[in-house]
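FYI, it's all coordinate maths here, none of it is from the lab. Everything numeric here is computed off the predicted structure, so don't read it as measured data. When we count neighbours, we look across all protein chains shown, and the Cβ atoms used for this are built from the backbone with ideal geometry, even at glycine.
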Amino acid sequence: MKTEYECREEGSYDLIVAGGGMAGVCCAIAAARQGLNTLLLEKEGCLGGTACTAGVMQLLGGRWYDPENDRMVRVIGGLFDEITDELIAMGAAVEPDTVDIHHYNPYGWYPRMAAGISCEVDTLKWHLERKCVDAGVHLRFFTTIVGAETKEARVTRLITHDKGGFSSFRAKCFADCTGDGDLAEMTGCPMEKGREEDGAMCPATTIFYVDQVDTARYVAYQNEHESPKLVEIIHELKEAGRWPWDFEIFIAIETPTPGTFMVNTIRQIDVDGTDAASLTRAAMEGRGLAHELLKVMKEYFPGFEKAHLSRIFDHVGIRETRRIAAREPITLENALAGKHYDDCVASTTYNFDLPDPKRPSYDPMMGDAKKPNAVREHVRIEIPYGALLPRNMENLIVAGRCLGAEREVMGACRVMGPCAGMGQAAGLAAGLAVKTGSFAYVSVRQLRELLQESGCIGAVSDEDIIG
Ligand SMILES: Cc1cc2nc3c(=O)[nH]c(=O)nc-3n(C[C@H](O)[C@H](O)[C@H](O)COP(=O)(O)OP(=O)(O)OC[C@H]3O[C@@H](n4cnc5c(N)ncnc54)[C@H](O)[C@@H]3O)c2cc1C
């Protein structure tokens with residue numbers, strides 16, 4: 001048996017981005033556009049991360065519904081707007097401004113949900129790839145980061161594994177955009193994972209798509225009964241013993257293909273997205289649940305009588321795993337108080353959204369199905385630069401779901417608009433950090449100027465957003 005493995009030296013870069021989800025793609029493009037020799041390493045065969053591998057096709061958090069003025073506001077700007085506007089122009093995404101938000105609609109029932117941009121995930125994958133190539137990003141798919149070497153508070157190289165064996169990549173700076181904070185964890189950065197009291201994490205979801213849905217009938221039922229998540233039907237089914245699951249709301253959102261819906265309803269508890277054995281169980285369970293749920297949908301849900309299974313995503317959608325111990329973590333108290341940070345580099349206006357780990361249809365920070373808009377005095381939560389900086393490493397930054405924030409705050413930051421915003425900020429910061437090899441010495445004033453020039457901050461004033 002072979003016990004020693006060779007490690008190929010694969011070259012050296014200005015920046016290596018770990019993971020090609022929304023955060024990683026925006027980070028890599030922003031860095032490469034500044035002339036950085038940028039490599040993006042991705043374990044799957046495509047970009048887009050959770051959107052593309054788990055099927056989450058509604059890009060939330062980039063637009064915000066302003067209830068006072070009854071209008072959609074662009075709140076992230078920059079690459080998020082660029083990517084989504086291009087998808088909309090290609091006919092591969094739905095412009096929220098065209099959705100009738102005064103009635104229940106198939107793109108997310110409520111105005112604030114209809115602010116999400118429904119898109120075709122296969123086109124998104126392709127488009128992100130082309131944009132990376134155009135920007136000069138080097139892409140390496142099917143490559144999993146399995147280790148990191150560090151010296152004196154610096155990451156010196158990454159160890160990866162692929163079908164050809166082990167490789168080593170060097171860089172001046174690194175960005176962890178793995179969603180799970182894999183790279184930060186490998187460098188020994190202290191991490192938080194799940195609830196403080198028991199480590200339990202938010203439920204996971206196997207997403208599936210169905211086609212041949214009668215959208216008009218589904219929407220008409222919702223309007224007539226004011227039942228956006230079909231809660232009454234589900235309660236009746238439960239009483240009759242025909243709904244055996246803990247989750248009690250039906251969430252289905254139409255994709256840009258009329259009559260094809262993403263079903264984001266299944267909730268799987270006790271899943272650890274950083275444990276392959278747990279993910280294996282969840283993947284198998286999720287496939288079974290999708291088939292069982294579809295049977296019930298066809299029998300009892302208006303509009304779904306002829307629904308046909310078009311695809312179950314292999315990857316179980318993971319809402320929560322690790323968060324880094326950051327230099328300046330965002331506390332819930334600060335988020336609720338609408339704290340302004342001098343080093344604010346991104347923000348979120350998305351609601352707190354982190355369902356209870358054990359009670360899948362209950363969200364401790366939200367309203368209920370009848371009153372979905374949790375009242376938040378300060379709508380915008382600012383994300384300071386320090387929330388992206390792990391405490392232990394000088395040349396490492398994180399962006400995306402694994403940011404340094406209390407878990408409730410992560411629930412508001414984890415959607416794709418803010419992840420794109422954090423990613424772009426990290427990529428621009430890399431352009432400044434590469435000179436000194438340290439993210440800590442970046443001039444935040446300069447970084448904010450770059451973010452302003454890129455349309456990421458300042459596009460919407462605080463006065464435009466309540467709080
Ligand atoms: C069920 C569900 C529903 C959701 N609904 C919505 C919604 O409607 N709208 C919305 O905007 N958001 C939604 N979200 C949240 C959102 O999809 C994610 O939080 C967001 O996509 C995270 O982006 P990210 O770039 O941080 O990470 P990810 O999208 O997870 O990307 C991380 C990337 O890193 C790669 N990677 C990980 N580890 C390694 C490694 N060791 N080596 C190499 N590559 C690695 C992964 O393969 C992946 O491509 C939902 C999430 C779930 C789970």
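Quick one: if you take sqrt(5λ) for each eigenvalue of the C-alpha gyration tensor of segment 203-312, what semi-axes come out, biggest first, whole angstrom?
Details: eigenvalues 120, 55, 27 Å².
Whole-Å semi-axes of the equivalent ellipsoid: 24, 17, 12.
Averaging sequence separations of C-alpha pairs under 8 Å and six or more residues apart, then dividing by the length of segment 203-312, give the relative contact order as a whole percent. Mind dumping the intermediate values first?
Details: 161 pairs, mean separation 49.6, N = 110.
It rounds to 45 percent for segment 203-312.
May I ask for the equivalent-ellipsoid semi-axes of the chain, computed as the square root of five times each C-alpha gyration tensor eigenvalue and listed largest first in whole Å?
Details: eigenvalues 252, 126, 84 Å².
So the equivalent ellipsoid measures 35, 25, 21 Å along its semi-axes.
So what J values fall out for segment 13-18 if you push phi through Karplus, 6.51 cos²θ - 1.76 cosθ + 1.60 with θ = phi - 60°, rounded to Hz, Gly and Pro as x?
For segment 13-18, the Karplus curve yields 10, 6, 9, 10, 9, 8 Hz.
Short version: ³J(HN,Hα) in whole Hz for each residue of segment 330-339, in order, from phi by Karplus 6.51 cos²θ - 1.76 cosθ + 1.60 (θ = phi - 60°), x for Gly and Pro, what are they?
8, 8, 4, 4, 5, 5, 5, 7, x, 4
So which of LYS131/LYS163; LYS193/LYS339; LYS131/LYS306; LYS151/LYS358 end up more than 29 Å apart by C-alpha?
Values: LYS131/LYS163 26 Å; LYS193/LYS339 24 Å; LYS131/LYS306 38 Å; LYS151/LYS358 41 Å.
Pairs exceeding 29 Å: LYS131/LYS306; LYS151/LYS358.
Can you list the residues, at least 5 places off or on another chain, whose amide H is less than 5 Å from the amide H of ARG157, using H built in the peptide plane?
Residues meeting the amide H criterion: GLU149.
Which of the peptides 439-445, 70-76, 108-114 is most tightly packed, and how do the rest follow, going by the mean number of other Cβ atoms within 10 Å of each residue?
On the way: 439-445: 16.0, 70-76: 19.1, 108-114: 21.3.
Per-residue mean Cβ counts within 10 Å order the peptides as 108-114, 70-76, 439-445.
Could you pull out every whole DSSP H run in the chain that spans at least 27 Å of Cα extent along its own axis and averages 0.0 or higher on the Kyte-Doolittle scale? Working shown, then result.
Details: long enough: 276-300 (35 Å, -0.08); 416-436 (30 Å, 0.82).
The qualifying helices are 416-436.
Can you list residues whose amide H is under 5 Å from ILE383's amide H, if they're 5+ apart or on another chain and H is modeled 1.01 Å from N?
Those qualifying (amide H under 5 Å, at least 5 residues apart or on another chain) are VAL345, ALA346, SER347, THR348.
For a quick check: with amide H placed at 1.01 Å from N, whose amide H comes under 5 Å from ILE117's, ignoring anything fewer than 5 positions away on the same chain?
Close amide H contacts, sequence-distant or interchain: LEU59, LEU60.
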